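This report refers to the structure that appears directly beneath it.
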Ligand code: CA
């Protein structure tokens, strides 16, 4: 497992936040937005609140012999963790008028036994690399992605669209948001990648796939370098989880 966040080459602040909590097998990428430090505050509040909520609900997330996967209750509770964060961010913005309207994406992975539970809002992504094939596990909640899914834009048009950064759901902009949840039976040697659009907007799925095959500790800096060499206009966050069935989530 390895993760890093980088300011990029153009921005003066890093509004992304990440969490790599190996003990809890909890991994998060959050990409904040909002003026007057709102973006940084929203993404860091999200990461802290989700971590605290999962810790508080540890019994629901614990590995027990009687648990069978996928467990809808686990997936829903992980979704609730994002909405717990949403309320915290929303309330903070009510206290400080300069922070009104701040919000963040949140892509969250919690591994229990050999199962990954994923909860997600916004346009950060979770990818799975399995036996040389790369899959995008999460759907972007963005204007252009919705138009791709509706058949209005092609994937190629969406990648160059001037509104490609407009997201349709965010954490904290309102008290609650619709959260997508899903789960995935993991296999030996799978790689999971969480990333902000500073990576996936600059690096192709094919390039991501090539780098993910290396060790997690090498993949993270090489993916960040690649996004920077392609312009680095945005903050870049990358978390890579290498799955081994004997040592879950270790590199
Ligand atoms: Ca971003």
- Query: 222 nm [θ] for the chain, helices only, -39500 (n - 2.57) per DSSP H run of 4+, per residue, to 500?
  - Reply: -10500 deg cm²/dmol
- Message: Can you tell me which of 19, 45, 218 moves the most in a GNM of the chain? Springs connect C-alpha atoms under 10 Å apart.
- Response: 218
- Here the averaged projected area of segment 1-112, based on the convex hull of its alpha-carbon atoms and given in nm², is 7.7 nm²
- Proxy reagent accessibility, fewest Cβ within 10 Å first, across 234, 51, 132: 132, 51, 234
- Message: Could you tell me the center-to-center distance, by alpha carbons, between segment 88-158 and segment 17-56 in angstrom?
- Response: 14 Å
- Considering the zone a paramagnetic label at residue 130 would reach in this model (a point 7 Å from Cα along the Cα-to-Cβ line), which residues of segment 179-193 have amide N under 14 Å from it? 183-193
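Using the 10 angstrom Cβ neighbour count as an exposure proxy, how do 84, 133 rank, fewest first?
Values: 84 19, 133 8.
Starting with the residue having the fewest Cβ neighbours, the order is 133, 84.
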- Message: Using 0.36 nm times the number of residues separating residue 168 and residue 244, minus their current alpha carbon distance, what extension gain do you get?
- Response: 23.8 nm
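Could you give the length gained by full extension between residue 150 and residue 213, i.e. 0.36 nm per residue of separation minus their alpha carbon distance, to one decimal place? Walk me through the numbers on the way to the answer.
Numbers: separation 63, 0.36 × 63 = 22.68 nm, distance 3.25 nm.
Once the chain is fully extended between residue 150 and residue 213, it gains 19.4 nm.
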- Item | Debye intensity ratio in log₁₀ form over the Cα atoms of segment 2-242, taken at each q of 0.08, 0.12 Å⁻¹ | -0.27, -0.63
- Message: Which residue fluctuates most in the GNM of the chain (Cα springs below 10 Å): 69, 120, 141?
- Response: 69
- May I ask you to order 206-214, 55-63, 193-201 by the average number of other C-beta atoms within 10 Å around their residues, highest value first? 193-201, 206-214, 55-63
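Laboratory data are not the source of any read-out in this text; all were calculated from the coordinates shown. Just so we're clear, the structure is a prediction, and the values are computed from it rather than from any experiment. Cβ atoms come from the backbone with ideal geometry, glycine included; neighbour counts cover every protein chain shown.
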